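Trainee: Structure below; questions to follow.
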Amino acid sequence: MKKKTLLSLLVCGMVGLTCLCAACNQTEQDEVTSPAETYDVQTISKEDLLSNIDTYTIVDLRQDEPYLGWPEEGMDRGGHIENAVQFSYNWLNYLEQADTTLADLMNEKGLTTDKTLVLYHNDNAITNDFAQQIMALGYENVFVFEDFAGWVADENYPLIAAPHYEMIVSPEWVHELISGNNPEGYDNDKFIVMEGSWISSDAYDERHLPGAYFFTTDNVEIADYENERTEEYMYNFLPAEEIQANLEKFGITYDTTVVLYDPFGAGSYCGRVMMALMYAGVEDVRMMNGGLPAWEALGYEVETEPCEPTPVDSFGATAPLHPEYVLSMPDEVLKEQEDPNFRLVSIRSWEEFIGETSGYSYITKKGEPAGAVWGHNIDAYFDIDGTYKCFAEIEEMLAEWDVTSENRISFYCGTGWRATIPWMLCYIQGWDVTMYDGGWYAWQLDESLPVQYGDPREQ
């Protein structure tokens, strides 16, 4: 039996988000119902905003990519205003499908009526429309900031950009790339687009991005945990030389730009492939935010005919070029745990974390490695449109378990899938992170290793 329970955990948790993405138009220009009554909205100058930057709750209404750091058209800098939280205007198109309301989502994001909110977007029409929407809900202390372009143009006004923001790309960026143009941040002369998925190619066969290859996780890890694990293949990842050989079959060299996307929008298939490519040494790996549903929501064309890669003779280097990204087995974790600054973070469901279930058909033992803290399950890392959650929320979520940027962190799950998403998002922010690839699977194979059950905060 191959990863059936794992597939259920991942797919069942993500399909809901996928359906939302597929059913909605993702463009921010979509028509959103505005309140019948018109409210007077206060404006704020960039000087006053800067002087009150620690006082007001600043809300960035743009999507992930410009918030992270991608410069918008006509602007020399990218990123967000300091302390700004993200609440994408685009989410208004997903409320009905997510069975939620704008009021509930605002409260979920901590944007309550008692706070003074300052809203901004590069499109002032969007800023003002959103202000009307929330004032109709009873928000009284609302300002709109209509000079974001002026803020960006003046170097005296700070913008916060993630150190590796370029790893997350929009469908628009990928469309430019595929169309033969050179999008912002691309300076290579060779790229490959791949759908990162599990064993089945059903989704790929039905439709995929033009020119994209189907790249199963079996190219980077052991396919059958129950029947194929031996002393030689003790690691979750295949030996580095085998990963390298499989990359060569797909025409990938260490200096190829590789764009990955998930067929379901929000999942960890693609994350697993991404992690393996970076570990092997591919220098430029990009993740298309929102996956295939986001691509289709913009009306971009898809293909149904499979695309066959052209192999290369050499990867151009010897994998792994970045072994430091991975802790393979429990003994490496135990050594790291000697440092009190180290945090071992579980990306599993709460039921798995406290030992109520193993979460897998091929893992009978329950529990977690002793000393682990909870980083939430993977679904906590995605917004309602299937895109990645704002890092400020992730940072707050991790801080609840005493995990901060000051720590050396290793994420893990059962077998190394779910953990790849928080690893990537923290890596993008410049955090000191690894992935414990062996996960609970490798840990529970050795009965001598310490195991914890229940909530460690209560023990």
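Trainee: Tell me which of 42, 97, 111 sits at the most positive position along the dipole axis of segment 31-161, charges placed on C-beta atoms (Lys, Arg +1; Asp, Glu -1).
Mentor: Looking along the dipole axis, the top candidate is 111.
Trainee: Taking every DSSP beta bridge that has both residues in the chain, what percent is antiparallel when rounded to the nearest 5?
Mentor: Beta bridges within the chain, antiparallel portion: roughly 15 percent.
Trainee: For residue 221, what residues show an amide H to amide H distance below 5 Å, using hydrogens built from the backbone and excluding near sequence neighbours?
Mentor: 238
Trainee: Within the set of other residues whose C-beta is less than 11 Å from the C-beta of residue 43, count the net charge using Lys and Arg as +1 and Asp and Glu as -1.
Mentor: Combined, the nearby Lys, Arg, Asp and Glu give -3.
Trainee: Another question, if that's okay. Nearest 5 is fine: what % of DSSP beta bridges in segment 181-335 come out antiparallel, could you say?
Mentor: Rounded to the nearest five, the antiparallel share is 15 percent.
Trainee: Here's another thing I want to ask about it. Give the Rg (one decimal place) followed by the Dmax (whole number) of the chain, computed from C-alpha coordinates and expressed in Å.
Mentor: Final numbers for Rg and Dmax: 22.5, 70 Å.
Trainee: According to the square roots a ≥ b ≥ c of the eigenvalues of the Cα gyration tensor, what is the shape class of segment 255-345, taking rounded for a/c under 1.5, prolate for a/b larger than b/c otherwise, and oblate for the remainder?
Mentor: Oblate, because a/c is 1.5 or more while a/b does not exceed b/c.
Trainee: While we're on this one: When the Kirkwood hydrodynamic radius is evaluated over all pairs of different C-alpha atoms of segment 325-458, what value in angstrom, to one decimal, is obtained?
Mentor: 14.7 Å
Trainee: Whole-Hz Karplus ³J(HN,Hα) for segment 106-121, in order, using 6.51 cos²θ - 1.76 cosθ + 1.60 and θ = phi - 60°, x for Gly and Pro?
Mentor: 4, 5, 4, 7, x, 9, 8, 5, 7, 8, 8, 9, 10, 9, 8, 7
Trainee: Related question: Report the dimensions of segment 31-161 along its three principal axes from the alpha-carbon atoms, largest first, rounded to Å.
Mentor: Reported extents, whole Å, longest axis first: 40, 27, 24.
Trainee: Sticking with this structure for a sec: Helix 240-249 versus the longest principal axis of the chain: what is the Cα-based angle in degrees, 0 to 90, to the nearest 10?
Mentor: It works out to around 70 degrees.
Where a number appears in this text, it was derived from the coordinates with a stated rule and is not lab data. Quick caveat, the model's predicted, so the values are computed rather than measured. Heads up, the Cβs are rebuilt from the backbone with ideal geometry, glycines too, and the neighbour counts pull from every protein chain shown.
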